[in-house]
Structure formats: structure tokens, C-alpha cells
Amino acid sequence: MRSKKLMLIPALVLLSLVLIGFAYAHWSKTILISGEIETGKIDAIIIKWFCDDPPGTIDPGYDKDVASCECSIDTADPQKAYITITNAYPCYTVHFSLTVKNTGTIPIALKEVRVDGKVIPEQEWTPIDADNNGVNDLEFYMTNSLGEQVDPGKAVETSLDIHVMEGADPGATYTFTIEFDFWNWNEVP
């Protein structure tokens, strides 16, 4: 009797494995689903600019009209603006802002601002050699908007203070490019 019980155990184990395999084969099935996934579009353009010393006005903090600043927006790539400071002199400081509109379909956030390719960190004076003579001429200070979420159709203003440094040549004209880099709103740290 005992040997019959011992012979029954392997048969039961084998039967259990067959049933488990059969059940798994019927419960597991590969299903192919085809379809399209459409993502949103990230796009932004500069829509307006402001400078507190346009041509023909008194220099900020002084009682004379010596220097001035102007801007033009790149028509081929409206994420770029060209700023010109005319008749610059050491210690001349101007406040500048650009308004950027989200023309895409998903929220965006400003990742970085670059001046002539150099990243300008927020709330930190950053010197630039604008005339490539080996001496820093200008320094920039960005005061807001990094990482700020901008919904489709909405706009954000980015402010820059520009200071002409001691190494600048009096009466010089400085032209530089400001570029914006926007990312998907949830990817900007």
C-alpha cells in the first residue's frame, strides 16, 4: 500500500504541472494594438521688448542723453533678439525686458537665456566680452522667469539689467544677441 501511495505522488505532481501549463497557455495571450500618438508642440516667440533708455531720452540715473539702447526681433527666428547699445560709457546701466508668448500647444518653461551664446544665470551678474578684445565690456543680470510655467497663448516677461563695465571703450557701440531656450514645462528643474 505504501508503494502505491509513493507512486501516486509523482503522478499527481505531473498532472498538476500539466494543468498549470494548460491554464497558463489559455490565460496568456499576446495582443497587438496599433494606433497613433500625437504629442504637443513646443514653440515660443518674442512679441515685444522694452528698454528704459530708447534713443532721444535721458540716460537712467543721469541728467544727460548720451547713450541709448534699441532692439530688433529676428524675423526668421523670433526666439532671438538683437540689442544695440550706442555711445556706451563705463557705468552706464540700462534695464531691458523681452516678452515671450507661448505659441505652441503645451505649457512651456524657460530653461535658459543666452547672450552671444553664453548662459546668463538668474540673479547673478555675468560678464561678457561683447567686442571680443579679451576684456569684459558688459555684464548682465537676469531677474525673473526661469522655470516659470507659461500656458499656450500666454506670455512671460524676462528682465535683464545691462551694465557697461570699466573695461569698455567710451563711445563704443555694442550689439549682441539674446536667445531663449524653452522646454516642456515638466522638464525644467
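Read-outs throughout are calculated quantities, based only on the coordinates presented, and are distinct from any laboratory measurement. The structure displayed is predicted, hence computed values, not measured ones. Using ideal geometry, Cβ is built from the backbone for each residue, glycine included, and neighbour counts are taken over all protein chains shown.
Structure data summary
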quantity	calculated
The range 44-184 - Debye-derived log10 I(q)/I(0), Cα point model, q = 0.10, 0.12, 0.20 Å⁻¹	-0.33, -0.47, -1.17
Folded to 0 to 90 degrees: helix 2-27 orientation relative to the chain principal axis, Cα	40
The range 21-168: Lys pairs at Cα distance under 15 angstrom, eight or more positions apart or on different chains	10
For the range 8-134: relative contact order, % (alpha-carbon pairs under 8 angstrom, 6 or more apart)	24
Any cysteine of the chain lacking a neighbouring Cys Cβ under 4.7 Å - listed by number	CYS71, CYS91
Candidates ASN87, ASN144, ASN132, ranked by Gaussian network fluctuation over the chain, Cα under 10 Å, top entry	ASN132
